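Contents: one structure, followed by commentary.
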Amino acid sequence: MRLLPPLILLGLFASLAVVWERHGVEAPYRTVELVLDSEGWRLVARREGLEEEGFWRTLREAGATSVAVYEQTLRRLEDAGLVAVLDGPELLAQARTGRLSAALSALTRRPDLLRSVYVLPLRPDVATLVEQGFRNALGAHRIRLVLRNPLVYELLGWRKDLEEVGLGFLPWEVRRWERRGFWVVLRPRNVRTLDAERLRERVRAYGTLGHGLTLIFEGVEVLGYEHLIPQAAAVLREIGAVYGRVEVLTAARRMRGEQSLAVRMMPRVVRVFSIGQDELDRMNPPAARERFLRAARERNLRILYIRPFQSVPGGVDPVAYNLHYLRSLVADLQTAGFQRGRAAPLPMLRLPRPVLYAAGLGAVAAGVLSLVLLVGRTCSPLGAVVLVGAGWVGLLGLGMVSELWARKLTALLSAVVIPPLAIHAGLPRGGPRAVSGGRVLLEAVGRLWLISLGSTAGGFLVAALLTDWPFLLAFEVFFGVKAATVLPLVLILLLELSEPTTADPPWRRLWRAMDRPLSLRTALILVVLGSAGLLLVLRTGNVSLPMLDLEERLRTALETAMGARPRTKEYLVGHPALLLGVAAYLVGMRRWGLPLVVVGAVGQAGLVNSFAHLHTPILYTLWRTANGLLLGTVIGVAVWVVAWFLLRPRGLLPAPGHPVLVQAAIREQLPP
């Protein structure tokens, strides 16, 4: 038994070393790239009849660093006036009206007329793009040069399909953006008809536009999806490209193949935050700015992809409206300590294996200690060594099969057992204290902070076990969030029900307690507690119940006032409940204190869970944890003061110096 705490401390020291290394990587990672969506902002300028050069110069001066350039398609070339496109039936109809030249009228006699599309490039470089783009995407048999004066290409296929095929980028267009002072982010789209050789040819053409360009794929799938992703990643790495991976919160919105491509592009990946145009037009600029700022500050996203508001309030100049939105966002980022520039991939951490093994050993020792406390038996040093050794060997064996799952399961073990251990160790033992309400309050606050310090140590252990590039970039996430929220509540209840003086384990005592008659009051309490527990589970994770408008406003206000927004279930539920539960233990009201302690475990579990968000900078997580503890303490103290002055006159709380009499009075007031 005495061997287990030193092993847990060993794991803690190892985790502190890992966390320090991680902070050293995250601290200088403060450069944010603001990428303008070229099509969206160009639409604003055209609607207002603005001259483009001056418009883009103004945006550059407002703080934008980059522009996203879309891959050319027939539709985009036609919209830009660079090609004319006619399908067979349209060509035939114009010939019948006599509006075609003799050369073009001759095309109506071609045998493939009704299953073809005819493209008339208006510039030589555009003709080259069309010819090479379609040869690469569809094969040489699908495109033919049928006229030289004027230049006409015949494409076999349906117009609606052909006009959305990605053809590549015009080099002069990329150079024009660079002359305007922007970095260029390419937005290519996948072409499913590519084979491996033509895919390599296409990507190498991207490389001629510049080395180290960032690519954010357009559409719903990455380049090479679904059988050519390894080849795509290899040639993208060859040209020095950076993959801009757009963050989404649900699997349904995730781009197909992004996970596979990201793993193969490691570490040349930068996370991107974007608000879709349909969602943006339902928001206002302050809400959008808040989301961008939160993405950069809380989730380490370093490319902010900015679309303009296309729908603005009546009587407002759209250009001025969007310029103010952009300038305000830049000011928000600068105030938060970010600098504008070219976003770089997060550097990879190189952690020594012995340090990670030591952290895993600490997690196993914590699990064994919980088991020993639950069964209520003393454990000899030899028994502790055997149990810890067996768990560690099992962990190493799992690591040989899948290191990823070994990390995930060990982190889950830590998240489940350490908060209850911290609470169990921090609760007062013995009889009631004959002290004043102020001294009870001071001790309760001290014990709350010590318990939270222990849970924070568990958070460090979880963070160390998951500190790896896939977790830091959110390709992999903490496994078992809901289990890590619910199981600590069950475990602390069992630990507090265990009595070393009896041979009965806590679960047998619970089983006997269920033999008692169920009163209506108890049933109502169980229904309320069950509903609260269900709400807690449903509100856990990225995809959960929607927030009330009042809660959203409260979160925003706290984020503005405190810098790092504390988690609601910590400061509003868990920490106040645990403080009150400790105070109830101190005055001898254990029957009321135990439910409060169980509810208080919600805050400690949430505290550890905060450290499981590896994509959040560790310093921000510590800041958020401290804010939650401070605010929760204030709320708990306020509730205790009110309860002390309201309940003590009725004899429901102890008077200083008379613990025995008060205990008798309290027992008379409590239900059997």
**OP:** Pop the C-beta distance of Glu197 and Glu48 into the FRET formula with R0 = 60 Å and round what comes out to the nearest 0.05.
**Re:** 0.85
**OP:** First compute the accessible area of segment 211-303 with a 1.4 Å probe, then give the percent of it belonging to carbon and sulfur atoms.
**Re:** 51
Original post:
Ranked from the most accessible area to the least, with a 1.4 Å probe and all protein chains present, what is the order of Leu461, Leu453?
Top reply: Leu453, Leu461
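Could you provide, to the nearest whole Å², the per residue accessible area of segment 153-193 with probe 1.4 Å?
42
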Subject >> Of all accessible heavy-atom area on segment 1-59, the percent that carbon and sulfur account for (1.4 Å) >> reply: 63
Original post:
R0 = 51 Å: FRET efficiency of Leu630 with Arg75, Cβ-based, nearest 0.05?
Top reply: 0.35
Subject >> Ordering of 284-295, 351-362, 386-397 by packing [mean C-beta count within 10 Å, highest first] >> reply: 351-362, 284-295, 386-397
Subject >> Karplus 3J(HN,Hα) series, Hz, for segment 604-612 with 6.51 cos²θ - 1.76 cosθ + 1.60 (x for Gly, Pro) >> reply: 5, 5, x, 4, 5, 4, 4, 6, 7
**OP:** Of the options Leu12, Pro28, Ser38, report the single residue whose Cα projects farthest towards the positive end of the charge dipole of segment 1-64 (beta-carbon charges: Lys, Arg +1; Asp, Glu -1).
**Re:** Leu12
Original post:
Counting only the heavy atoms of the protein chains, how much of Arg175 is accessible to a 1.4 Å probe, in Å² to the nearest 10?
Top reply: 80
**OP:** Please figure out what share of the DSSP beta bridges in the chain is antiparallel and state it in percent, rounded to the nearest 5.
**Re:** 35
Original post:
So what's the back-of-envelope 222 nm ellipticity for the chain, counting only DSSP H runs of four-plus at -39500 (n - 2.57) apiece and dividing by all residues, rounded to 500?
Top reply: -19000 deg cm²/dmol
Original post:
Against the longest alpha carbon principal axis of the chain, how many degrees, from 0 to 90 and to the nearest 10, is the axis of helix 549-562 turned?
Top reply: 80
Subject >> Residue-normalised accessible area of segment 293-408, expressed per residue, 1.4 Å probe, Å² >> reply: 45
Subject >> Among Val220, Gly210, Ala234 - extreme Cα towards positive end, dipole of segment 194-241, charges at beta-carbon >> reply: Gly210
Original post:
What's the carbon and sulfur percent of segment 84-125's accessible surface, probe 1.4 angstrom, rounded to a whole number?
Top reply: 56
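The values are calculated or read from the model by the stated rules, or taken from the named source; none is laboratory data. Model, not experiment: these values are computed from the prediction. Positions of Cβ are generated from backbone atoms using ideal geometry, with glycine treated the same way; all protein chains shown enter the neighbour counts. To get the accessible areas, we keep the full protein, side chains included, count just its heavy atoms, and leave off ligands, DNA and RNA. Shrake-Rupley method; radii C 1.70, N 1.55, O 1.52, S 1.80 Å.
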